[in-house]
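Right, one structure below, let's go through it.
Every number in this text was worked out from the coordinates using simple rules, so none of it is lab data. These numbers were taken from a predicted model, which means no experiment stands behind them. Note that each Cβ is placed from the backbone with ideal geometry, even for glycine, and that neighbours are counted across all protein chains shown.
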Amino acid sequence: MYLTVSNATKHYGQFTALDDVSISIEQGEFVCLLGPSGCGKTTLLRTIAGLTEIDSGEVSLQGKPLTKVPARQRGFGIVFQSYSLFPNMTVAENIGYGLTIRKTPQAQIDERVEELLETISLPQVGGKYPGQLSGGQQQRVAIARAIAVDPSVLLLDEPLSALDAKVRASLRIEIRHLQKKLGIPTLMVTHDQEEALELADKIICMNHGVVVQAGTPKELYQNPKTRFVADFMGTSNLIPTARIRDEMPVLLTARPDGPDDAYIASIRPEQIAISAREDGTSTVLSTGFLGNLNRIEVDSPLGEILVETHGPCDLRQGQRVSLEILAEACHWVANDEDGVNP
């Protein structure tokens with residue numbers, strides 16, 4: 001493992017921010033820490049950066065303990081949500097700042113800055129000041145500054161959350177391409193599920209200071225282990241065991257043994273087939289057009305169900321419909337709302 005955190009615990013008074021957390025990052029891997037506000041993801045990133053001291057546990061880089069190493073000596077690049085650019089410095093001076101304080105020869109600084117301005121597709125802005133740039137441009141500069149010193153790890157603390165949706169989507173692609181090109185192990189904090197799914201090689205889903213589940217984006221989306229992960233990683237229809245047994249028992253085939261309230265069925269909206277039928281047992285409650293998909297809310301024997309389809313949709317409110325759910329589309333997850341004690 002390239003970077004590891006082992007059994008990290010952090011308390012703020014009676015509040016437990018990190019509860020025996022262990023994670024790892026491989027060389028060249030892009031990892032997202034994902035979870036709701038207050039789940040501990042930013043505390044964990046700050047712990048790795050050396051900005052927050054943990055009560056117990058260890059942070060290691062290539063097997064070498066870092067817990068007692070000051071932040072400035074860890075060799076990590078950090079990008080915050082607020083950009084944190086120096087307003088009285090030009091873009092070029094901001095990007096080269098880390099090299100300047102390392103007393104790098106000016107010719108080398110100039111060469112590195114020029115190279116990075118090309119890398120972030122802003123070759124003409126070196127002489128401008130941060131206040132003259134858009135939010136997206138400022139964040140590109142902040143990323144360039146972080147990687148100018150060839151960091152061993154890149155840490156991103158919700159770097160896109162202050163940007164509008166279109167710029168955010170565009171910059172996501174740029175960050176992913178840049179990270180893969182440079183091969184820098186990267187850890188990014190986000191509460192945006194779509195962002196994590198698009199960017200990450202591995203997602204670490206957190207809640208209440210613990211790691212609830214870790215795996216590839218596909219693993220967490222398609223095979224959630226708990227109700228919390230199923231509901232947090234996109235939209236899921238969560239249906240109690242008793243309702244499945246009464247209305248669609250074929251879906252019980254993959255259910256683990258245990259009491260009815262121990263597991264709950266999780267079915268993604270796009271995995272449900274819907275068709276108009278006069279003798280259908282379900283009724284359309286509402287329809288929504290979202291451009292690339294249709295979102296249909298249905299009153300069914302299983303309860304209120306959300307269905308998503310692509311392509312033309314002429315279903316209307318009050319129409320009778322039939323739903324088809326294959327057994328392999330039903331995932332049984334631990335019925336624990338916060339995912340902490342599955």
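Please determine, in degrees from 0 to 90 and to the nearest 10, the orientation of helix 135-147 with respect to the longest principal axis defined by the Cα atoms of the chain, where the helix direction is its Cα long axis.
60
Figure the gain on full extension for residue 261 and residue 165 (residue separation times 0.36 nm, minus the Cα-Cα span) and round it to one decimal in nm. Mind showing how you got there, number by number?
Details: separation 96, 0.36 × 96 = 34.56 nm, distance 3.91 nm.
Taking residue 261 through residue 165 to full extension adds about 30.7 nm, to one decimal.
Quote to one decimal, in nm, the extra length available between residue 128 and residue 24 on full extension: 0.36 nm per residue of separation minus the C-alpha distance between them. Write out the running numbers ahead of the final one.
Working: separation 104, 0.36 × 104 = 37.44 nm, distance 3.91 nm.
Separation in residues times 0.36 nm, less the Cα-Cα distance, equals 33.5 nm.
Against the longest principal axis of the chain, how steep is helix 165-182, in degrees 0 to 90 to the nearest 10, with axes from Cα atoms?
Taking Cα atoms only, the helix is inclined about 60 degrees.
About its Cα centre, how strong a charge dipole does the range 90-129 have in debye, to the nearest 20, once Lys and Arg get +1 and Asp and Glu get -1 at the Cβ?
On the way: 4 positive and 6 negative charges, 42 e Å.
With Lys and Arg at +1 and Asp and Glu at -1, about 200 debye.
For the chain, what does -39500 (n - 2.57) per DSSP helix run (n ≥ 4), summed and divided by total residues, give at 222 nm, in deg cm²/dmol to the nearest 500?
That calculation yields -7500 deg cm²/dmol at 222 nm.
Just how large is the dipole of the chain about the Cα centre, in debye to the nearest 20, putting +1 at every Lys and Arg Cβ and -1 at every Asp and Glu Cβ? Intermediate values should be presented prior to the final figure.
Details: 31 positive and 43 negative charges, 257 e Å.
Magnitude of the dipole: close to 1240 debye.
Tell me the trypsin sites (Lys or Arg not before Pro) within the range 196-298 that lie in a loop according to DSSP and have at most 16 other beta-carbon atoms within 10 Å. Don't skip to the answer; put the middle values down first.
On the way: sites: 202, 218, 225, 227, 243, 245, 277, 295; in loops: 225, 277.
Qualifying residues, ordered by number: 277.
Mind sorting out which of (1) 64, 49, 33; (2) 79, 46, 32; (3) 60, 52, 47 is the real Cα extents along the principal axes in Å computed from the coordinates?
Here the calculated entry is (2).
Alpha carbon centre of the range 229-255 versus the range 64-115: separation in Å?
50
Under a Cβ-Cβ cut-off of 13 Å, what is the net charge of the residues other than residue 305 that fall near it, where Lys and Arg count +1 and Asp and Glu count -1? Numbers along the way, then the final one.
Details: positive: 243, 268, 295; negative: 247, 270, 297, 299, 304, 308, 324.
Every neighbour counted, the sum reads -4.
From Cα pairs below 8 angstrom and at least 6 apart in sequence, can you work out the relative contact order of the chain, rounded to a whole percent? Don't skip to the end; give the middle numbers.
Working: 683 pairs, mean separation 58.5, N = 342.
About 17 percent, as a whole number.
Might you report the magnitude of the Cβ-based charge dipole of the range 227-334 about its Cα centre, with Lys and Arg at +1 and Asp and Glu at -1, to the nearest 20 debye? Intermediate values should be presented prior to the final figure.
On the way: 9 positive and 16 negative charges, 28 e Å.
The dipole of the range 227-334 has a size of about 140 debye.
Just to be sure I understand: with springs between alpha-carbon atoms less than 10 Å apart, which residue in 142, 71, 214 has the highest mean-square fluctuation in the Gaussian network model of the chain?
71
Compare 219, 174, 324 in a GNM of the chain, Cα atoms joined below 10 Å, and give the one with the largest fluctuation.
324
Which residue, chosen from 44, 18, 79, occupies the Cα position most advanced towards the positive end of the dipole of the range 1-87, where the dipole is computed from +1 (Lys, Arg) and -1 (Asp, Glu) charges on Cβ about the Cα centre?
Going by the Cα projections, it comes out as 79.
Restricting to Cα pairs below 8 Å that are 6+ residues apart, what does the relative contact order work out to for the range 263-303? Please round to a whole percent.
Relative contact order comes out at 31 percent.
Counting only the backbone N, which residues of the range 127-146 are under 19 Å from the spot 7 Å out from the Cα of residue 194 toward its beta-carbon?
What the label zone holds, given the 19 Å backbone N cut-off, is 136.
Near residue 103, which lysines are there with a Cα under 17 Å away, not counting those fewer than 8 places off in the same chain?
Hits, sequence-local ones excluded: zero.
Can you return the lysines within cross-link range of residue 41? Criterion is Cα-Cα under 18 Å, with same-chain partners fewer than 8 residues away left out.
Filter leaves 10, 202.
If you add up the charges near residue 157, with Lys and Arg at +1 and Asp and Glu at -1, over every other residue whose beta carbon is less than 14 angstrom from its beta carbon, what do you get? It would help to have the intermediate numbers written out before the result.
On the way: positive: 41, 46; negative: 158, 192, 195.
With Lys, Arg at +1 and Asp, Glu at -1, the net is -1.
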